Structure formats: C-alpha cells, structure tokens
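Contents: one structure, followed by commentary.
Read-outs: derived from the displayed coordinates by stated rules, not from any lab. Keep in mind it's a predicted model, so treat the numbers as computed, not measured. Cβ: placed from backbone, ideal geometry, glycine included. Neighbour counts: every protein chain shown.
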Amino acid sequence: MTIRPRRSVLYMPGSNARALEKARTLPADALILDLEDAVAPDMKETARTQVAAAIAEGGYGPRELIVRINGLATPWGEADLEAAAKAAPDAILVPKVSSAEDVAVIGRKLAALDCPGSVKIWVMMETPLAMLNAGAIASAAASEDGKRLACFVMGTNDLAKETRARLVPGRLPMAGWLSTCVAAARAYGLDIVDGVYNDFNNLEGFAAECAEGRDFGMDGKTLIHPKQVEPCNEAFSPAESEVEWAKKIIAAFDLAENRGKGAITVEGRMVELLHAEMARRTVAIAEAIAARG
Ligand code: COA
Ligand code: MG
C-alpha cells in the first residue's frame with residue numbers, strides 16, 4: 001500500500017514567477033502550476049514556457065507537481081497538453097471534464113505523445129454534467145485509455161457559477177455533489193481533493209471548511225495562498241490520538257486469542273475487522289506524513 005499525502009494542494013498562476021519560486025520552500029504536499037483560470041489570455045504563452053522551465057529546473061523536493069492545462073476546446077489547450085506531456089510532471093490536471101470520454105481523449109493523446117506512464121491524469125469536477133456523470137468519469141480509470149486517472153479536484157467556484165448554487169458556510173447547497181464525487185472517486189480507487197476557500201484572510205472560516213472537507217472524506221484541499229498551507233496540513237493529518245487508537249486496534253487483532261475473530265472489544269468498544277483495515281490506513285498515512293519531514 002503506497003500512500004501519497006495530498007493534504008495541501010496549492011494553486012499558483014503559471015505566469016507568476018515569484019510564486020513558482022516561492023513554492024519550492026512551502027510545506028505543501030502538491031502544487032498545481034496553473035495555465036488556465038489564474039492566467040490572463042495574453043499571458044498564456046508566457047505561463048506555458050515558464051511552467052515548463054520551472055519543472056525542468058526542479059528543486060521542488062517531495063512536492064507533487066501538477067500542471068493544469070486549458071481545455072482542449074480553447075485556443076491554448078492542445079499546445080498546453082503537448083508542453084505538459086514533454087515536461088512530464090506528476091500529473092496533468094484537465095479542466096471542465098464532463099464525461100468518461102473526456103478522460104479517454106486525454107489518455108489517447110498522452111499515449112500518442114509518448115508521455116511517460118508516470119504522468120497521471122487529474123480532473124476538475126466543476127461542471128453540472130460532471131456532477132451527474134461522476135461515477136462514469138471515475139470509471140474511466142478502469143479502462144485502457146483512462147488508466148492514468150488518479151485524482152478528482154473539486155472546482156467549487158466554477159460549480160457555483162454554472163449551477164447558481166451559492167458558496168455559503170457549511171456548503172449545504174453543494175453537499176450532495178461533494179459526497180457524490182467522494183463516492184465516485186472511492187468506487188474506482190481515486191483520491192479526491194476539495195475546492196478552494198476564496199476568502200484567504202479568514203483563517204477561521206478556512207479551518208472550518210477544511211474540517212468539513214475532511215469529514216466528507218476528502219484527502220485534502222486545494223489552496224490559493226501560502227498562509228492556507230499549514231492549517232490545511234494540520235486539518236488533514238490524522239490526530240495523534242487517532243493514530244494511537246489505530247495502533248491499539250491493530251495490536252488487539254494481532255493477539256493470538258483474537259485470531260480468526262471478526263469483532264472484538266477494545267477498551268469497552270466494539271471493533272470489527274473493517275476497523276482494523278481503517279486503522280492500518282491511518283497508521284500508513286501518518287507514517288507517510290512523518291517521512292516527508
Ligand atoms: N503560490 C505561491 N506563492 C504565492 C501564492 C501562491 N498561490 N500566492 C501568493 N504567493 C506569495 C507571493 O508571491 C508573496 O511572496 P513574497 O512576499 O515572499 O515575495 C507571498 O506569497 C505573499 O503574497 P500576498 O502578497 O499575500 O498575495 P498577493 O497579493 O501577491 O496574491 C493572490 C494574492 C490571490 C492573487 C495570489 O495568492 C494568487 O494568485 N493565488 C492563486 C490563484 C490561483 O491560482 N487561482 C486558480 C485556482 S482557483
Ligand atoms: Mg475553473
């Protein structure tokens with residue numbers, strides 16, 4: 001079981017050289033070098049060149065690098081995809097995906113470009129159709145053309161725009177979509193990260209939304225500003241008490257007297273084998289986080 005922590009996933013405009021530089025020192029698990037929404041039309045080419053150069057130069061350590069391209073229907077999409085395939089980051093993030101075929105198209109193009117298999121596909125879940133087709137989109141991961149698919153990224157700003165649902169504290173208007181996307185992702189073994197919190201100076205509201213995303217089952221959250229990174233890491237790391245409890249469950253099932261049992265009692269509570277599985281994941285993710293230093 002190899003687990004990559006994806007607690008904090010920081011966007012930055014590919015046109016912003018200072019941000020690309022600063023990201024080398026920020027404690028984010030992953031970085032999205034953006035060519036799409038954060039870049040103005042007359043800066044698209046500059047951003048593409050600058051992002052490719054930053055990846056080639058390296059220095060990002062354990063941080064996962066993801067390039068968000070413009071959609072293939074835009075004047076920049078094809079050139080972005082070619083440049084990204086050549087730069088070979090950890091993943092290419094595709095905006096406005098609405099069907100399994102949208103994923104397959106990218107997979108076939110990457111294969112035709114001889115892009116290394118290590119380059120995964122991440123998709124923005126941000127259109128009304130994507131909410132209706134979430135399961136089908138995730139199922140692309142089980143097909144030959146879509147096998148690079150690894151992660152869903154909730155695009156809550158675009159979703160709010162397209163559906164007219166409002167972004168309110170607690171996100172009740174979006175709750176159904178968020179949990180549908182979590183279920184779709186898990187059904188096909190994908191990771192999923194939550195949408196951004198725009199009011200980046202409001203750290204209290206941000207912490208609440210991180211906790212909410214965690215409770216929905218998200219692996220982490222996309223971020224827009226460096227000050228969001230540390231509180232986000234905190235929110236999506238298993239608490240020490242959780243790790244301790246997980247270790248107790250594992251140890252209890254390992255006892256000779258409990259071999260072959262499906263349900264046992266630990267400190268007065270019923271735990272089942274499924275809890276031991278959850279506990280092993282909790283310990284593995286805590287270890288992967290600790291290994292990042
Ligand atoms: N990634 C990396 N570094 C960032 C950053 C980011 N997303 N946002 C800001 N920084 C850096 C700044 O360059 C600045 O560096 P320095 O002072 O060490 O030189 C420092 O962090 C503080 O930035 P600050 O002055 O508070 O913010 P700003 O006014 O420069 O920028 C935003 C504010 C919102 C424009 C900027 O944070 C941003 O572009 N965020 C990402 C937006 C995005 O990618 N959106 C697309 C997906 S929703
Ligand atoms: Mg968008």
Which residue fluctuates the most in the chain, going by a Gaussian network model with Cα springs under 10 Å, if the choices are 250, 121, 92? 250
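Quick check on segment 8-235: take the gyration tensor over C-alpha atoms, sort the square-rooted eigenvalues as a ≥ b ≥ c, and tell me if it's rounded (a/c under 1.5), prolate or oblate. Please list the in-between numbers first.
Details: a/c = 1.55, a/b = 1.11, b/c = 1.40.
Oblate, since a/c reaches 1.5 and b/c is not below a/b.
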Mean 1/r over distinct Cα pairs of segment 240-291, inverted to a Kirkwood Rh in Å, yields 11.2 Å
Using Cα pairs under 8 angstrom and six or more residues apart, how large is the relative contact order of segment 247-293, in percent? 36 percent
To the nearest Å, what is the center-to-center distance of segment 202-280 and segment 105-152, using C-alpha atoms only? 28 Å
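Mind counting lysine pairs for me in the chain? Cα separation below 15 Å, and the two need to be 8 or more apart along the chain or on different chains. Let's see the in-between values first.
Working: 22/227; 86/109; 86/120; 96/161; 109/120; 109/147; 120/147.
Eligible lysine pairs with Cα atoms under 15 Å apart amount to 7.
What does the net charge come to around residue 85 if you take all other residues with beta carbon closer than 9 Å to its beta carbon, with K and R at +1 and D and E at -1?
Values: positive: 86, 109; negative: 82, 114.
Surrounding charge for residue 85 is 0.
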Count the net charge of all other residues whose Cβ sits under 13 Å from the Cβ of residue 39, scoring Lys and Arg as +1 and Asp and Glu as -1. -3
Using the Cα centre of segment 240-291 as the reference point, and only Cβ charges (+1 on K/R, -1 on D/E), how large is the resulting charge dipole? Debye, rounded to the nearest 20. 160 debye
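Quick one: compute the contact order of the chain, relative version, from alpha carbon pairs under 8 angstrom and 6+ residues apart, as a percent. Kindly include the intermediate steps, with their values, before the conclusion.
Details: 515 pairs, mean separation 47.4, N = 293.
This gives 16 percent for the chain.
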